Amino acid sequence: MESVHSEADREFDDLLTALRVRFEQHPERHLDASWDDVRLRLAATPGKLAVLQAMEASGGQPDVVRDRAAGDALAFFDCSPESPAGRRGLCYDDAALQARKRNKPQGSALGVADAMGAKILAEAQYRGLQEVGAFDLKTSSWIDTPDDVRALGGALFCDRRYNRVFTFHNGADSYYAARGFRAMLEL
């Protein structure tokens, strides 16, 4: 009798193939990492594949990046050239979403990241990502905001313009069609 793979199994096989191809095409993002090590880490934590599938499905193009902010740990970061298209037009967090009385966005960056099982990049991680490529040349991405800034109603975002990375602020309840967030998943 022939073995029948479920649709979910095929999707995960396709995802692993896409991740491997992206990994091999961009060695500058993970200089001394090996795909075999990444594959073994993923096999040891199969729940992470669902998170990576959500990152991929929303346009993130996740790839392995050395997270210098975490002592060179391996992590998957969204490496799409622009902020992932499937995660734009969101305010910063659920508190800002609930406080907004009119013209509410579809959700919040932290809420969507949490539902995916991922985190949004911190400022140091965002800057580290920019060291291995040029991202967000036309868009911007919410970043993890310190509690003292958030307590005052603000939130932070970054982008890259003029070959520099800029960190800006906005009201946490603001949202724009060209602002999303970059997710990360630790291995």
Taking Ala155, is it of a type outside the set (Lys, Arg), in contact (Cβ under 8 Å) with a residue 40 or more places away in the chain and under 22 Å from Glu186 (Cα atoms)?
no
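Can you work out which of the residues in the stretch 165-187 that are open to solvent by less than 10 Å² (accessible area, probe 1.4 Å) and of a type outside the set (Gly, Ala, Ser) is nearest to Val51 (Cα to Cα)?
Selected residue: Met184.
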Need pairs with beta-carbon distance below 8 Å; first residue under 30 Å from Lys101 (Cα atoms) and within the stretch 160-187, second in a loop (DSSP other than H, G, I, E, B) and open to solvent by 40 Å² or more (accessible area, probe 1.4 Å); sequence gap 6+ or separate chains.
Asp173/Arg100; Tyr176/Arg88; Ala177/Arg88; Ala178/Arg88; Ala178/Lys138; Arg179/Arg88; Gly180/Arg88
Which condition number in (1) farther than 20 Å from Tyr175 by Cβ; (2) open to solvent by 10 Å² or more (accessible area, probe 1.4 Å) is the one that Val64 fails?
(2)
Tally time: how many residues in the stretch 138-172 are more than 22 Å from Ala118 (Cβ to Cβ) and touching a strand residue (DSSP E or B) at 6+ places or on another chain (Cβ under 8 Å)?
6
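The values are calculated or read from the model by the stated rules, or taken from the named source; none is laboratory data. Values in this document were obtained by computation on a predicted structure and should not be read as measured data. Don't worry about glycine lacking a Cβ; one is built from the backbone with ideal geometry, like all the others, and counts go over all protein chains shown. Areas reflect the complete protein model, heavy atoms only, side chains present, ligands, DNA and RNA absent. Shrake-Rupley method; radii C 1.70, N 1.55, O 1.52, S 1.80 Å.
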